[in-house]
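Chemist: Dumping the structure here so I can ask a few things about it.
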Amino acid sequence: TEAAATTTTTTTTASTTAAGEGIDETAVAELASQLAVTLQEGLGKMIPFSVLRSNFHPEKVSDEMLIMALSSCAVLVRGNFALKSSLAQFLKKDVMKEMRDLMLLLLNMHGSIQRERLVRAYETKASTNDDYAMINADFITFVLETIAKQTNGCWVAKVDDDVAFAARFPELATRHGVYWVKKKDMLKELA
C-alpha cells in the first residue's frame, strides 16, 4: 500500500517528458503564476524567450519546465511570448480581451495591424451590438500601444520576430500555430 501511495503521489505531482525526465507539476504551476505576473506587469507586452529564460537559473528551471509554464499563461506571437488575453487584468470585459486576441492574431499572421481597419470593424460591430460600444478608437490605440509601435502607417510588434525560437522548439511552435488557427476561426467575423 505504501508503494501504491508513493506511485499515486508521483503520478499526480510529476509528468514524464519525452526525454523521460520528471517535471514537478506544482513547480510548473508556481512558475506559470510568476510568469503571468511578469507578463501582466508590462500590460501584456510580448517578451522574447531569451529574456524570460535569463530570469531563471537553468539548473533550477529547465527549458522544458519554462515552456510548460509559459504554455499555460502565454501565447506565442512570431517567436515571442505574450500574456494570454484571458489573463489580462487590465482588460475588464470579454470583448476587450477578444479585441486583443484579434490584434495578436493579426500580428502573428501578417506582422502588422492597420489601426484604421480595426476601428472601422469595431464601429460596425458596435452599431449592431451594444457590447462593442466601449471599444472606440482611443481604446484600440491604448491596447495597440501595449503590444505594438506605429511604423509607416501601420502597427508592428514592439519586439523583433524571434525566428530562431521556432527552429529550436518546433513542436511548441506547431502547437501555438494550431492555437492561432482555432483562434482565427473563432474571430473570423471580425478579422
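Read-outs: derived from the displayed coordinates by stated rules, not from any lab. Predicted, not measured: the structure shown is a model, and the values here were computed from it. No Cβ is skipped: glycine too gets one built from the backbone with ideal geometry, and neighbour counts run over all protein chains shown.
Chemist: So, in nm, how far is label Ala167 from label Tyr179 when the simple model puts each one 7 Å beyond its Cα toward the Cβ?
Modeler: 2.3
Chemist: When the label point is put 7 Å from the Cα of Asp131 along its Cα-to-beta-carbon vector, which residues of the stretch 89-115 have a backbone N closer than 13 Å?
Modeler: 93-99
Chemist: Still on this structure: Let me have the relative contact order for the stretch 45-111, percent, based on Cα pairs under 8 Å that are six or more residues apart.
Modeler: Rounded, it is 31 percent for the stretch 45-111.
Chemist: While we're here: With each pseudo-label sitting 7 Å past Cα toward Cβ, what's the Glu116-Phe90 distance in nm, one decimal?
Modeler: Each label point lies 7 Å from its Cα, and together they span 2.7 nm.
Chemist: Write down Rg/Rh for the stretch 62-151, rounded to two decimals, with Rg from the C-alpha atoms and Rh from the Kirkwood relation over Cα pairs.
Modeler: Answer for the stretch 62-151: 1.02.
Chemist: Calculate the spin-label point distance for Thr141 paired with Ile23, positioning each point 7 Å from the Cα along the beta-carbon direction, and give it in nanometres.
Modeler: Each label point is offset 7 Å from its Cα along the Cβ direction, giving 4.2 nm.
Chemist: Please determine, in degrees from 0 to 90 and to the nearest 10, the orientation of helix 94-110 with respect to the longest principal axis defined by the Cα atoms of the chain, where the helix direction is its Cα long axis.
Modeler: 90
Chemist: Then there is this: Can you tell me, using C-alpha contacts under 8 Å and at least 6 residues apart, the relative contact order of the chain as a whole percent?
Modeler: In percent, rounded to a whole number, it is 20.
Chemist: Let me ask something additional. Cα to Cα, under 29 Å, and not fewer than 8 places away if on the same chain: which lysines meet these conditions relative to Lys149?
Modeler: Straight-distance partners of Lys149: Lys45, Lys84, Lys92, Lys93, Lys97, Lys125, Lys158, Lys182, Lys183, Lys184, Lys188.
Chemist: Need the C-alpha centroid separation for the stretch 141-191 versus the stretch 31-63, integer Å.
Modeler: Centre-to-centre distance over Cα atoms comes out at 18 Å.
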